[in-house]
1. Could you look through the range 40-84, keep only residues that are modelled with pLDDT under 90 and more than 26 Å from THR97 (Cα to Cα), and pick out the one that is surrounded by the fewest Cβ atoms within 10 Å (Cβ to Cβ)?
2. Quick one: ARG63 ticks every box in (1) in contact with a Leu (Cβ under 7 Å, 6 or more places away or on another chain); (2) assigned to a loop (DSSP other than H, G, I, E, B); (3) charged (D, E, K, R) bar one, so which box is it?
3. Based on what the data block shows, is PHE54 in the same structural domain as VAL39 (by TED's automatic domain parsing), part of a loop (DSSP other than H, G, I, E, B) and either within 17 Å of the chain's Cα centre (by Cα) or touching a residue at least 60 places away in the same chain (Cβ under 8 Å) (or both)?
4. Of all residues in the range 69-87 being assigned to a helix (DSSP H, G or I) and hydrophobic (A, V, I, L, M, F, W, C), which is nearest to the chain's Cα centre (by Cα)?
Amino acid sequence: MSDHDARAAADHFQEPRIRPVVRPISEVAADILRAWSNVHPFEARDALEYLFEFDLVTDFGAREAVQAFLPTARFFAGVRARKLKAELTAILNSTPTRNQFLRRSQMAARRQLQLMRAAREGQEAAP
């Protein structure tokens, strides 16, 4: 096999996509505190302190904390600020909301119930 064929075969078999590593929310909050020395207004300070309590956006109350911080951080400006706010927004967008999660689990439960009914009907019909 030539080098060209080997490279073509290697390109054909690509590794599966790996989800990007999401930093804990508390680490992002620590970076925001380092970059924004004079946190203003006070609502932003309270929301930022609340962010330190969470690691994942799936933790209870984390999504609400991030959603409360982003609008209050309007005076946090600059390149670093835009990157950190974009990271928080990406964390929010990477996970389903509570309603989406509930809807998916309800659909899975319905599918499971349909499969159980179909299996039961199949057993009753068999002699």
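1. Filtering the range 40-84 for residues that are modelled with pLDDT under 90 and more than 26 Å from THR97 (Cα to Cα), the one surrounded by the fewest Cβ atoms within 10 Å (Cβ to Cβ) comes out as PHE42.
2. Among (1) in contact with a Leu (Cβ under 7 Å, 6 or more places away or on another chain); (2) assigned to a loop (DSSP other than H, G, I, E, B); (3) charged (D, E, K, R), ARG63 violates only (2).
3. Working: in the same structural domain as VAL39 (by TED's automatic domain parsing): yes; part of a loop (DSSP other than H, G, I, E, B): yes; either within 17 Å of the chain's Cα centre (by Cα) or touching a residue at least 60 places away in the same chain (Cβ under 8 Å) (or both): yes.
Against the criterion (in the same structural domain as VAL39 (by TED's automatic domain parsing), part of a loop (DSSP other than H, G, I, E, B) and either within 17 Å of the chain's Cα centre (by Cα) or touching a residue at least 60 places away in the same chain (Cβ under 8 Å) (or both)), PHE54 qualifies.
4. Taking the range 69-87 and keeping what is assigned to a helix (DSSP H, G or I), we get 69-72, 79-87.
Right, trim to hydrophobic (A, V, I, L, M, F, W, C) and you get 69-70, 79, 81, 84, 86.
Values: PHE69: 17, LEU70: 16, VAL79: 23, ALA81: 20, LEU84: 15, ALA86: 13 Å.
Residue satisfying both the conditions and the ranking: ALA86.
The values are calculated or read from the model by the stated rules, or taken from the named source; none is laboratory data. Not measured: the values here are computed from a predicted model. All Cβ positions, even for glycine, are placed from backbone atoms using ideal geometry, and neighbour counts span all protein chains on display.
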